[in-house]
Amino acid sequence: MKQEKIGNILQMQRGYDLPTSQMREGNIPVVGSNGIVGYHDTSKCIVPTITIGRSGSAGKIHMYESPTWVHNTALYITDFKGNSPKYLYYLLQLLHLESLCGSSVIPSLNRNVVYPMTINFHESRVEQDVIADLLAKIDSKIALNREINRNLEAMSRLLYDYWFVQFDFPDENGKPYKSSGGKMVWNKRLKRDIPENWEVENLADAAEIYNGATPSTAIESNYGGDIVWITPKDLSDQQCKFVYYGSRNISQQGYDSCSTHMLPSRSLLMSSRAPIGLLSISEVPLCTNQGFKSLVPKEGYDVYYFYYVINRQLPKIEQLGTGTTFKEVSREDLMRFPILRIPHRIQQEWLLRVERMAERQFKGVLESDKLKNKRDELLPLLMNGQVSVMPT
């Protein structure tokens, strides 16, 4: 290994301007600082493409194995100088390039600031490939888990729509209810037909609804405890149907000092402002800050039903938001929101199916989190030569 300047091991340049109005229909991803921003019929890059956010999500690094059009919000590598592209992709992640973007309102990254940076570097292409392959295998498993979870989620949504939107749940003979001639009646409140003898009630009849709160940040002892405390940013960062940890826990003192509520596992968390509509299911007892309205199912209801009802009705829920600085949905408005009461037999059959898929999804989340932690531990050790890998 040796110390080397970034400018000696790769070359990069700014991407190309392409307004949305000039994108032509095609299947070439247009990639910016934070990923894919559209599609076009022409590529402008080398393959594989490694991009570094230049503005917006400045410093964020992506890699694409197929042709792309690199947008001018990103830099991209134009010459790997004989080095392994995947090795450089992982190497760049150690640099924390976002810290070089300055303090302007819109952070921006200049390649000339990156080039003089010095970093530990494996000169051997064989060593580069071995390191990159090991890290890539971990990322491939994480990606596979993500794809499996996407498929399971698509199946769960389809099942919800089939049973509770199209009303083709299995009748007593196992046939699809509406398609087999099941009787439907007009409901004035929902302004649509629903199955005969089904009821509509307020969300408050089906769930306890709680506000969250934030302990005083001026008192250091309010934080650092073992009570999981969630903010909307946690849901935004984790981008997951389930949540079981937060970026910052609170202490018992912090919990006692504010009006937040301890929620049991299998509660539904919904961000109610800035933004409205981030959803997640709690997998451990936890509490939230004031940016949430949380639902604890009453007897006869399950959290998965709430998850899909709320998700599908988000446009209507967002319309309940009021406020000048930012919109917020109030607990009182949410309590009055209409919800279908599902007959017990159908509810149990639905839960049996969807719960199996949810359990598989959460196992995938746990495995991926462990893999991410392992990758993040290995990355600096491998790149700094503290751990070596033998070629297979």
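The values are calculated or read from the model by the stated rules, or taken from the named source; none is laboratory data. Just so it is clear, the model here is predicted, and its values are computed rather than measured. Cβ atoms come from the backbone with ideal geometry, glycine included; neighbour counts cover every protein chain shown. The accessibility values were calculated without ligands, DNA or RNA, using every heavy atom of the protein model including side chains. Shrake-Rupley method; radii C 1.70, N 1.55, O 1.52, S 1.80 Å.
Among the residues of segment 175-191, write down those that are modelled with pLDDT under 95 and open to solvent by less than 80 Å² (accessible area, probe 1.4 Å). Answer for segment 175-191, where residues must be modelled with pLDDT under 95 and open to solvent by less than 80 Å² (accessible area, probe 1.4 Å): just L190. In segment 64-72, the condition of being among the hydrophobic types (A, V, I, L, M, F, W, C), touching a helix residue (DSSP H, G or I) at 6+ places or on another chain (Cβ under 7 Å) and surrounded by 14 or more Cβ atoms within 10 Å (Cβ to Cβ) is met by no residue. E153 - would you say it is open to solvent by less than 40 Å² (accessible area, probe 1.4 Å) and among the acidic types (D, E)? Taking the combined requirement at face value, the residue satisfies it. Going through (1) touching an Asp or Glu at 6+ places or on another chain (Cβ under 7 Å); (2) in a helix (DSSP H, G or I); (3) of a type outside the set (G, A, S) one by one, D133 falls short only on (1).
Assess whether A143 counts as being under 30 Å from Q252 (Cα atoms), assigned to a helix (DSSP H, G or I) and of a type in the set (G, A, S). No.
Per the listing C101, C45, the residue uniquely of a type in the set (A, V, I, L, M, F, W, C), over 21 Å from P380 (Cα atoms), surrounded by 21 or more Cβ atoms within 10 Å (Cβ to Cβ) and modelled with pLDDT under 95 is C45. Whether a residue is hydroxyl-bearing (S, T, Y) and touching a strand residue (DSSP E or B) at 6+ places or on another chain (Cβ under 8 Å) was assessed, and Y308 does not pass this test. Cβ-Cβ distances below 9 Å connect the following pairs, each with a first residue in segment 120-147 that is under 29 Å from F362 (Cα atoms), a second residue that is hydroxyl-bearing (S, T, Y) and open to solvent by 70 Å² or more (accessible area, probe 1.4 Å), and a separation of six or more residues or different chains: D133/T392. In segment 105-135, the qualifying residues are those that are of a type in the set (S, T, N, Q) and more than 22 Å from P380 (Cβ to Cβ), and the one that is surrounded by the most Cβ atoms within 10 Å (Cβ to Cβ) is S108. For segment 160-171, filtered to residues that are in a loop (DSSP other than H, G, I, E, B) and without any contact (Cβ under 8 Å) to a residue 60 or more places away in the chain, the residue that is farthest from Q347 (Cα to Cα) is Q166. Among residues of segment 365-392 that are on the phi > 0 side of the Ramachandran plot, those with a beta-carbon under 8 Å from a residue that is surrounded by 11 or more Cβ atoms within 10 Å (Cβ to Cβ) and outside any loop (DSSP other than H, G, I, E, B) at least six positions away or on a different chain give the pairs G385/N120. With respect to the conditions (1) β-branched (V, I, T); (2) modelled with pLDDT under 95; (3) open to solvent by less than 80 Å² (accessible area, probe 1.4 Å), I142 lacks only one, and its number is (2). Annotation note: of I131, I142, I138, I119, the sole residue that is touching a Leu at 6+ places or on another chain (Cβ under 6 Å) and closer than 18 Å to Q3 by Cβ is I131. Determine whether segment 298-318 contains at least one residue that is among the small types (G, A, S) and out of contact with any helix residue (DSSP H, G or I) (no Cβ under 7 Å at 6 or more places or on another chain). Checking segment 298-318: not a single residue is among the small types (G, A, S) and out of contact with any helix residue (DSSP H, G or I) (no Cβ under 7 Å at 6 or more places or on another chain). Listed by position, the strands (runs of 3 or more DSSP E) enclosed by segment 275-382 that each have at least 2 residues that are buried (at least 17 other Cβ atoms within 10 Å of the Cβ) and of a type outside the set (A, V, I, L, M, F, W, C) are 276-282, 292-297.
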